[in-house]
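The values are calculated or read from the model by the stated rules, or taken from the named source; none is laboratory data. This one's a predicted model, so the numbers in the text were calculated from it and none came from an experiment. Here the Cβ positions follow ideal geometry from the backbone for every residue, glycine too, while neighbour counts run over all protein chains shown. For the accessible areas, the whole protein counts, side chains as well, though only heavy atoms, and no ligand, DNA or RNA atoms are used. Shrake-Rupley method; radii C 1.70, N 1.55, O 1.52, S 1.80 Å.
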Amino acid sequence: MVSAPSSSGSHALKLVDPADFEKHMRGLVTALPLPGAGDWILLSYVGDALSIVNTGHGGFVEVVNHLHEDQASFVVMKVVLVDAAATSSDDISYRTHKNIFLSWVGPNVKPVPRAKSSQHRVPLYQAIGVYMPMHGEVQAMQKEDVSDAILNKITKGKAISSDEPKAKGASHSSSSPGRKSGTAKSIDVLPLQSTPVFEDIISEVKAGGKNWAVFEYHGEEIAVAGSG
């Protein structure tokens, strides 16, 4: 087992098979998911190390069946998004891919593996970012939280959808659940690639766990480039 390059110390992130991890990451980079679905990779713990235990092409509807209430896991998913204002395939003027990182901690996970998962979340996110730009992170503890509603959080309520429009007159919601109306404040005004990762890094610097952090633009979004 080899520690991921972004981790250090006794609680360093370890991968059972780094070569297999790299192979799957590169495969996901070139994947072309179908609209309304999503290609995904599931990593779970085998002892103290993470291993790729399952893959699929069915998006959140499929991956939720592989999440266990007594386990901590991580999911990397690539989804295709289209213009939600379009009412037919001929109307589509916008199509893009989003790479999503899901941190799953089941409601029955014990304190020690829960803490280990929390320590490994950021370094794993950064290790994945070596292969592909990440567009957001979501944390979930209940299976009902693992659904296409995650896309609203990642896209901040913009008018895009994971479903290919099929018929005229289709309606789409462009509001983001849980978002308050009004003027944005604090870090909400920044185009962050992942607000949880940003907050974790800043907290570690404030607490003295890290001395510095570097941020850079990935496209139009701000991401963590390194820390130490």
Inside segment 51-66, can you point out the residues that are open to solvent by 20 Å² or more (accessible area, probe 1.4 Å), within 16 Å of LEU28 (Cα to Cα) and not small (Gly, Ala, Ser)?
ILE52, VAL53, ASN54, THR55, HIS57
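Among the residues of segment 131-153 satisfying the criterion of being open to solvent by 50 Å² or more (accessible area, probe 1.4 Å) and in contact with a helix residue (DSSP H, G or I) (Cβ under 8 Å, 6 or more places away or on another chain), which is farthest from PHE101 (Cα to Cα)? Walk me through how you get there before you give the answer.
Start the filter on segment 131-153 by keeping residues that are open to solvent by 50 Å² or more (accessible area, probe 1.4 Å), which leaves 131, 133, 139, 141-145, 148, 153.
Those still in the list that are in contact with a helix residue (DSSP H, G or I) (Cβ under 8 Å, 6 or more places away or on another chain) too: 131, 139, 143, 148.
Values: TYR131: 13, GLN139: 9, LYS143: 16, ASP148: 13 Å.
The selected residue is LYS143.
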Tally the residues that are modelled with pLDDT under 85, assigned to a strand (DSSP E or B) and open to solvent by less than 10 Å² (accessible area, probe 1.4 Å), restricting the search to segment 77-114.
3
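Could you check segment 21-47 and list, in sequence order, the residues that are assigned to a loop (DSSP other than H, G, I, E, B) and among the acidic types (Asp, Glu)? Even if it seems obvious, please write down each step before you answer.
Our first condition is that a residue be assigned to a loop (DSSP other than H, G, I, E, B); within segment 21-47, this holds for 31-37, 47.
Residues satisfying the conditions do not exist here.
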Inside segment 29-43, can you point out the residues that are open to solvent by less than 10 Å² (accessible area, probe 1.4 Å) and either at pLDDT 90 or above or in contact with a Leu (Cβ under 6 Å, 6 or more places away or on another chain) (or both)?
TRP40, ILE41, LEU42, LEU43
Selection within segment 59-68 - touching a residue at least 40 places away in the same chain (Cβ under 8 Å) and not aliphatic (A, V, I, L, M)
GLY59, PHE60
Among the residues of segment 115-128, write down those that are buried (at least 17 other Cβ atoms within 10 Å of the Cβ) and hydrophobic (A, V, I, L, M, F, W, C).
VAL122, LEU124, ALA127, ILE128
